[in-house]
Structures are given as C-alpha cells and as structure tokens.
1. Membrane-span-like helices in the chain: DSSP H runs reaching 18 Å or more (Cα, own axis), mean Kyte hydropathy at least 0.0?
2. Between GLU47 and GLN34, what is the label-point separation in nm under the 7 Å Cα-to-beta-carbon projection?
3. Go through GLN34, LEU4, LEU58 and say which Cα lies farthest out towards the positive end of the charge dipole of the chain; charges sit on Cβ, +1 for Lys and Arg, -1 for Asp and Glu.
4. With the Cα gyration tensor of the chain giving a ≥ b ≥ c as the square roots of its eigenvalues, does the rule (a/c under 1.5 for rounded; else a/b larger than b/c for prolate; else oblate) give rounded, prolate or oblate?
5. Straight-line reach from LYS13: which lysines have Cα under 19 Å away, leaving out those fewer than 8 places along the same chain?
6. Can you give the helix-only mean residue ellipticity at 222 nm for the chain, where every DSSP H stretch with n ≥ 4 adds -39500 (n - 2.57) and the sum goes over all residues, rounded to the nearest 500 deg cm²/dmol?
7. Would you list, by chain and number, the aspartates and glutamates whose Cα falls below 17 Å from the Cα of LYS10, excluding same-chain residues fewer than 8 positions away?
8. Measuring with a 1.4 Å probe in the full set of protein chains, what accessible area per residue, in whole Å², belongs to the chain?
Amino acid sequence: MTALEKYIDKIQKELPELCDVGDLIKVGFFKSDQQAYNLRKHKSGPEYIRMNGRYKYLRDSVIEFLTVGSAE
C-alpha cells in the first residue's frame, strides 16, 4: 500500500461525509484556514459548497482531488 493509499484510507475513516475546513486541517489536508481560502480563490482545490456562510467539502471530493492530482 502506497503512502497516498494509506492517507486516503485515513481520510475515509476519520472525516465525516460533509466536512469543514477545521476537519481538513485536523487530518493534515490543509495547513491553515488561509491555505483553504487561497485554494478556493484560485479554484485549484477540491470542490466545495457554501452552506449558511460556511464552506463545506464532501469527503469524496477531497479523495477525488487527491487521486486525480496524483495521476497527473
């Protein structure tokens, strides 16, 4: 199992289906709120939705972002 596969397995186990930036910081996907903001601003991060003024990420979108990015 590669390091990426281990990390994706960790994400699948630890993240809720719908997570916020704080959840993604806890698992090491983002380093900070600022990094998440910068990726949204430049449209270079995983897909997200905005709910009640908060940014939410689907766990599957984060995993897809990791797998598609590693294939390039």
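1. Correct list, ordered by number: 59-71.
2. Simple spin-label model gives 3.0 nm for this pair.
3. Toward the positive end, the furthest listed residue is GLN34.
4. prolate
5. Straight-distance partners of LYS13: LYS26, LYS56.
6. Here the helix-only value at 222 nm equals -16500 deg cm²/dmol.
7. Here the aspartates and glutamates satisfying the reach criterion relative to LYS10 are ASP20, ASP23, ASP60, GLU64.
8. For the chain, the per-residue accessible area is 71 Å².
The values are calculated or read from the model by the stated rules, or taken from the named source; none is laboratory data. Remember, predicted model here, so these are calculated numbers, not experimental data. Every residue, glycine as well, gets a Cβ built from its backbone with ideal geometry; the counts of neighbours run over all protein chains shown. Ligands, DNA and RNA are excluded from the accessible area calculation, which covers all protein heavy atoms including side chains. Shrake-Rupley method; radii C 1.70, N 1.55, O 1.52, S 1.80 Å.
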